[in-house]
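The values are calculated or read from the model by the stated rules, or taken from the named source; none is laboratory data. Remember, predicted model here, so these are calculated numbers, not experimental data. Please note: Cβ atoms are built from the backbone with ideal geometry, for glycine as well, and neighbour counts cover all protein chains shown.
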Amino acid sequence: MEQKMNDLVLTILEELTGTDEVRSNPDINLFEESLMDSLNVVELLVELEEQCDVNVAPSDFDKAKWSTPNMIIEQALERAA
Amino acid sequence: MIFLSPYERPLYFVIFAVAILPLVIALARGRRLQWYQSLVTLFFLYMTFGGANYKQGIAFLAYIAFQTLLCGIYAHYRKEHNANFIFYICVALSILPLIVSKILPSLAITGGNSIIGFLGISYLTFKAAQMIIELRDGLIKEYKPLRFIQFLIFFPTISAGPIDRYRRFEEDLIHPPSKEHYTKLVQKGIHEIFLGFLYNYILGHYLSQFLLPLATDLGGKYGHQFLGSLSYMYVYSLFLFFDFAGYSKFAVGFSYLMGYETPINFNKPFLSKNIKEFWNRWHMSLSFWFRDFVYMRLMMTLLHKKVFKSRVTASNVAYFALFLLMGIWHGGTWYYVAYGFYHALLICLNDAWLRFKKKHKKQIPSNKATKILATICTIHIVCFGFLIFSGYFDRFL
């Protein structure tokens, strides 16, 4: 479960950011490095819902808790459980 | 009995300082005097909505009762069911009082005065509607009517925000700040209130009473049309900022002293390097509300249902929805709508430019000079927006 989620989220992020840096450096800050913007955030939430069956409401999205690939995986796992 | 609008006169602050003393003493010991806070709240609301304003007071009470009941009914319903149309009906009902109160006067049915309107109804609507939305999303699992009422009637932010979020407010309500943290809050709160005096009472007052008429005369009496308009634009923009930012500082300062960390509304907006950044710095609690509850939700629906082929189109449509709504929210005049349209257009262009820049990172220079240039351009684009917002162009029609 964890491995699968890990891979799914990283694949989604790779597609959204257009770089495999998210895989090689999963603690990179996506917003500070301007790899993600608000449009990408919405896409991420939609993909999480469609591919991982994880529901996140937009007002529940706190940038500070979702800023790196690792943090995003953690959040997704928390909600899938 | 003295009746005062929030932050209207220095006297309001003196009364506040005396009234909250027991609260401050309790908070300094790490406790919240809930019953006393309610008493102070009722007293301050009576000061605003009593006396000659009693009609507003009745409308206010009816509004609170209505919203509390509506959320209660929806929360009860949501426990077992989750139909789309019930959700939409409840959201519509929760904003209905605002719509009616704005439309009635313009139809002149009630002689210009809305019978169901009251000071702050526009801001309260954001608090009420988010409750329905977050109940739907399952973010608020248990509906506590008394807490919701306290959230709605929290008097420091009642008339003009900042617009708080229920879950954030509830956290503060249940968990008073630690003694150490409260000491910091008091310092910050007093600092905010005094900055508010500088912004609102001194600079805002000076700009509106002295400089604004001067700029008007320059264009009117002395016939320097362009120069007059230009200086009116600068002065009005500064006035809008200092007046409103000062007001927000009062509200934030009062909240801090009461042990609530109401979000800030302004973060050096005139230093923004583009329009997107501007909206992250100007009237933040409003733009974040629209971002979370209009733009992002609409985007998710559009992307889920694949309404548009391109994500960019979907985003642009959502931006137009957001800013046109924001424009209309300010009032039903053509220049508020135009203001919304102007900013929707700007943010779509801004996004297109950011995409272009991302693709051509190497060819486009980015250094101190370009950043300064970007800031100056943004200031002027923003100020021109405020000129539209001010209704300045109404006289030319």
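Below, the figures for the structure above:
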quantity	calculated
Verdict on B:T370 being without any contact (Cβ under 8 Å) to a residue 40 or more places away in the chain, surrounded by fewer than 20 Cβ atoms within 10 Å (Cβ to Cβ), in a helix (DSSP H, G or I) and within 14 Å of another protein chain (Cβ to nearest Cβ)	no
Filter pass, B:F386 being in contact with a His (Cβ under 8 Å, 6 or more places away or on another chain), of a type in the set (A, V, I, L, M, F, W, C), touching a residue at least 12 places away in the same chain (Cβ under 8 Å) and under 28 Å from B:I95 (Cβ atoms)	no
Enumerated helices (runs of 4 or more DSSP H) restricted to chain A, each holding at least 3 residues that are on the phi > 0 side of the Ramachandran plot and touching a Pro at 6+ places or on another chain (Cβ under 6 Å)	none
Any chance B:F386 is within 14 Å of another protein chain (Cβ to nearest Cβ) and either within 27 Å of B:K268 (Cα to Cα) or surrounded by 14 or more Cβ atoms within 10 Å (Cβ to Cβ) (or both)	no
Matching residues in region B:73-100 - criterion: being surrounded by 14 or more Cβ atoms within 10 Å (Cβ to Cβ), in contact (Cβ under 8 Å) with a residue 24 or more places away in the chain and not aromatic (F, W, Y)	B:A75, B:R78, B:C90, B:V91, B:S94, B:I95, B:P97, B:L98
Tally, over region B:135-175, of residues that are buried (at least 17 other Cβ atoms within 10 Å of the Cβ), within 14 Å of chain A (Cβ to nearest Cβ) and among the hydrophobic types (A, V, I, L, M, F, W, C)	4
Residues of region A:14-54 classified as touching a residue at least 12 places away in the same chain (Cβ under 8 Å) and facing another protein chain (nearest Cβ under 8 Å), total	4
Flag if B:I2 is without any contact (Cβ under 8 Å) to a residue 40 or more places away in the chain, β-branched (V, I, T) and not assigned by TED's automatic domain parsing to the domain that holds B:K249	no
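Residues checked against (1) more than 9 Å from every other protein chain (Cβ to nearest Cβ); (2) modelled with pLDDT under 90; (3) outside any helix (DSSP H, G or I):
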position: B:L286; (1), (2), (3): yes, no, no
position: B:Y295; (1), (2), (3): no, no, no
position: B:M300; (1), (2), (3): no, yes, no
position: B:L303; (1), (2), (3): no, yes, no
position: B:V312; (1), (2), (3): no, yes, no
